[in-house]
2 protein chains.
Amino acid sequence: MMPLAAAAATGHDSIAHVALALAVILAAAKLGGDLAVRLKQPAVLGELVGGVVLANLDLAGVTWFRALTGDAMVGMLAQLGALILLFEVGLESTVRDMMKVGVTSTVVAALGVVATFVLGWGVGTLLLPGRSAYAHVFLGATITATSVGITARVLKDLGKAHLPEARVILGAAVIDDVLGLVILAVVAGVIASAATGAAPSVGATALVVAKAALFLFGALTIGLAVSPHLFEAAARLRGRGVLLTTALAICFVLSAIAAAIGLAAIVGAYAAGLVLEDAHWREFARRGEQRLQDLVAPIAEFLVPVFFVLMGMRVELRAFAHADVLGLALLLTAAAVAGKQACALGALGRGLDALSIGLGMIPRGEVVLIFASIGMTLTLRGERLVDAASYSAVVIMVIVTTLVTPPALAWSLARRERRAASRAGRPPGTTAKD
Amino acid sequence: MMPLAAAAATGHDSIAHVALALAVILAAAKLGGDLAVRLKQPAVLGELVGGVVLANLDLAGVTWFRALTGDAMVGMLAQLGALILLFEVGLESTVRDMMKVGVTSTVVAALGVVATFVLGWGVGTLLLPGRSAYAHVFLGATITATSVGITARVLKDLGKAHLPEARVILGAAVIDDVLGLVILAVVAGVIASAATGAAPSVGATALVVAKAALFLFGALTIGLAVSPHLFEAAARLRGRGVLLTTALAICFVLSAIAAAIGLAAIVGAYAAGLVLEDAHWREFARRGEQRLQDLVAPIAEFLVPVFFVLMGMRVELRAFAHADVLGLALLLTAAAVAGKQACALGALGRGLDALSIGLGMIPRGEVVLIFASIGMTLTLRGERLVDAASYSAVVIMVIVTTLVTPPALAWSLARRERRAASRAGRPPGTTAKD
């Protein structure tokens, strides 16, 4: 029984540490969020900056906050926050809504990934001539994946998550993750082959693609068919909190399945949100229970800021002091931003605001950081695929793209609405439910 | 930057595992809870039994669930659930309510702790003649602390958390933790002295007592003075979720302070709940925001069942097969139950239902398990203070007391209300707001 006892004791000791970390992170989130809202920016920007400020207090000798970025418990709560956010965002759309933008999203995602991959590869070749072609290719692959979390939160903060542009962006960001993972699998496969002298494996690549397609198709079709019956059965259970718990269990199961087949867990959470529809909890509504969205909101208010403050805390301002890192970071950021503007091409002629779509695809986040960290563990002929300088540059790119997107998207969506209003002859500020 | 990268990657891998564990635990909680409610028992009993069933599937060869009991992430979420529960329960009372029952609670707690300690010591002397007197004393100390979590949840499930008996029980359970920690500190101090041949330290004992008193006095008086101003300042912050986040931050800070000075973190969470009063968020209510209680409820619905299912999962039914363990467990349980009936003496002549108070103090939980696990790590002259058999017996005692309390308390509180109603000439079922 000793391991259990030890685990119990450990849990009790560390809960104090986690509680203090949460208090600090929540305070930073709300103070930063307040400042951002006063400056007419989305609150998420303030949460990121709050995190940057906290962690970089280590420049003034206060290292406690920086140490939190390596805390596994806080990291897990942040990831849980990301799942809840994607689930909440998914709840705002239905599968039918997504089908309407599915083709557009796929074209938008593919254009953005290919353009960014090529540009990132080019930046590597240009600025890192001493490193192998594999390192250049890997750098290109690393920067492709749009962070659906950041964009989702910005669209939510702005109250624009219902626009068709929002659905195209979020759909494309999800497909982006899938495409990014395929590229990573291919590149990693090629590198593994190169290390042993064998040819690249087409079979492994096809498997990744097949699994991703199967998951999304399966989750959406089976989910849509099963979930009404699941909620009908759940409605017969006595006790408090059955609606919320059933919905969370579905979200967590799909997240775990997505991760189990090698996709990001957030893809599963988003799929769960898409599948669940208001009609499924008619029975609970009849009893006078709250809407699922209202029940999820407080959990999101608690956990989602943990994710964004922690992302901000991962920035080391000290890295900006090195000129070579700064140069690589600048060009990498330019490649990341410019590459995604190719997305706009996919939206032309469909009555969508192409500029907003290109801007909405800019932010990079957790997936890019994970790619980079995988690259740091891969070696080929004694060379680390991603070295410390490249990693710092990638982190800076992640931060800049994240900081730039909220104001840019706020501006372009306001511009889109003014145009739509003037075309329709309506006063600005009123929106057609298009 | 490597540790950060590694941490990020680890976080992303393990979130799938945590998500799956949460889905399973939530499903077990709701299915068990449904069964309990149908049998007219509090839902928490069903959650515990759900946990017992899940983990003991290892008897049938399914070991995945048992392995979860050692998972640090799940353990942390359970502890967070315990904090949220105690915070939520504390919110239902004010400091003024507690002052009214403060003296009674202290007398009730002291009587229960002393009686249980002596009985537990006696059981050790009787059934473990081969072990040292220190081991007997430690066994007595281990079983003293009432689990405020179980009783709080039962009172909440029954809708009786507003009764004066409930406040006496919860107040006494909190003081119990403090007294239990003092006894543990004293016993551990005496044993450490015995190992070196020195005299027991009175100074260390006094320090523990002083810290506990100072914390409770400080948290309640400073908290009451400061928190209205804190909420007034917070009400000026822009953005979503400020009320909930401010309240959670206060809860987490007090929990961390309690743990830092050596008390259980849940004592801090309960103190935070007591300090916060409806009047503090007048400003938020004026804006049409939800009540704090309604915002905390969904978080509690998510995390609190994790705590109770996990507590059930810690039971190993296989331990019941050993006759000596079973005998020790039986007498230890009898001592734990009988000792707390001394609490009833403290409630006599105050217009309170003494039986309900004695029954409400029965459940043992996480604090007892932690004491026992500390005992397993302490050795004196080559003897482990708590051996594996004693530990198993303690765990069984924890479970039995936990399973017995909900129906016993439901019965005795119903009986109390019938009596109060018949005395007042009112029909049963209507309650005076006494």
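General remarks:
- Residues B:Asp387 and B:Arg350, FRET efficiency given R0 of 41 Å [Cβ-Cβ distance, rounded to 0.05]: 0.45
- Sorted from closest to farthest, the other copies place their A:Asp97 label points 4.0 nm away, with each point set 7 Å from Cα along Cα→Cβ.
- Mean Cα-pair separation over length for chain A, i.e. relative contact order, pairs under 8 Å, 6 or more apart, %: 25 percent
- Gap separating the Cα centres of segment B:330-371 and segment A:263-321, nearest whole Å: 42 Å
- A probe of 1.4 angstrom, applied to the heavy atoms of all protein chains, finds A:Arg318 with accessible area near 120 square angstrom.
- Shielding value for A:289-302 is 5, the average number of Cβ atoms from other chains within 10 Å of each residue's Cβ.
- Considering only B:Thr151, B:Ile15, B:Leu179, the residue lying farthest towards the positive end of the dipole of chain B is B:Thr151, judged by Cα position with unit charges set on Cβ.
- Here is how far apart the B:Pro228 label points are across copies: 5.4 nm, shortest first, using a point 7 Å from Cα toward Cβ.
- A:Thr151 - accessible surface, heavy atoms, 1.4 Å probe, Å² rounded to 10: 0 Å²
- Per-residue Karplus couplings for segment A:99-111, computed as 6.51 cos²θ - 1.76 cosθ + 1.60 with θ equal to phi - 60°, are listed in order as 4, 4, 9, x, 5, 4, 4, 5, 4, 4, 5, 4, 4 Hz, Gly and Pro entered as x.
- Positive-pole candidate from B:Leu243, A:Pro129, A:Ala424, dipole of the protein assembly as shown, charges at beta carbon: A:Ala424
- Sorted largest first by accessible area at a 1.4 angstrom probe radius, with every protein chain in place, the residues A:Arg381, A:Arg236 fall in the order A:Arg381, A:Arg236.
- Here the Karplus relation 6.51 cos²θ - 1.76 cosθ + 1.60, evaluated at θ = phi - 60°, turns the backbone of segment A:237-253 into coupling constants of 6, 8, x, 7, x, 5, 4, 4, 5, 4, 4, 5, 4, 4, 4, 5, 5 Hz, with x for every Gly and Pro.
- Taking all protein chains as shown and a probe of 1.4 angstrom, B:Val395 keeps an accessible surface of around 10 Å².
- The charge dipole of the protein assembly as shown, taken about its Cα centre with unit charges on the Cβ of Lys, Arg, Asp and Glu (plus for the first two, minus for the last two), comes to roughly 1620 debye.
- Each copy carries A:Leu214; placing its label point 7 Å along the C-beta direction from Cα gives inter-copy distances of 6.3 nm, listed from smallest up.
- Non-local lysine pairs in chain A, meaning eight or more places apart or on different chains, with alpha-carbon distances under 20 Å, amount to 8.
- Listed residues B:Ile175, B:Ile84, B:Ile191, most fluctuating in chain B (Gaussian network, C-alpha, under 10 Å): B:Ile191
- Ordered by 1.4 Å accessible area with all protein chains kept, A:Met397, A:Met73 run largest first as A:Met73, A:Met397.
- Placing a label point 7 Å from the Cα of B:Phe320 along the Cα-to-Cβ direction, the residues of segment B:381-403 whose backbone N falls under 13 Å of that point are B:396-397, B:399-401, B:403.
- The gain in end-to-end length when the B:Val226 to B:Ala194 segment is fully stretched comes to 7.0 nm, 0.36 nm per residue minus the alpha carbon separation.
- Residue-averaged [θ]222 nm for the protein assembly as shown, counting only DSSP H segments that reach four residues, each worth -39500 (n - 2.57): -26000 deg cm²/dmol
The values are calculated or read from the model by the stated rules, or taken from the named source; none is laboratory data. Because the structure is a prediction, the values reported are computed rather than measured. Cβ: placed from backbone, ideal geometry, glycine included. Neighbour counts: every protein chain shown. These area figures cover heavy atoms from the full protein model, side chains too; ligands, DNA and RNA do not enter into them. Shrake-Rupley method; radii C 1.70, N 1.55, O 1.52, S 1.80 Å.
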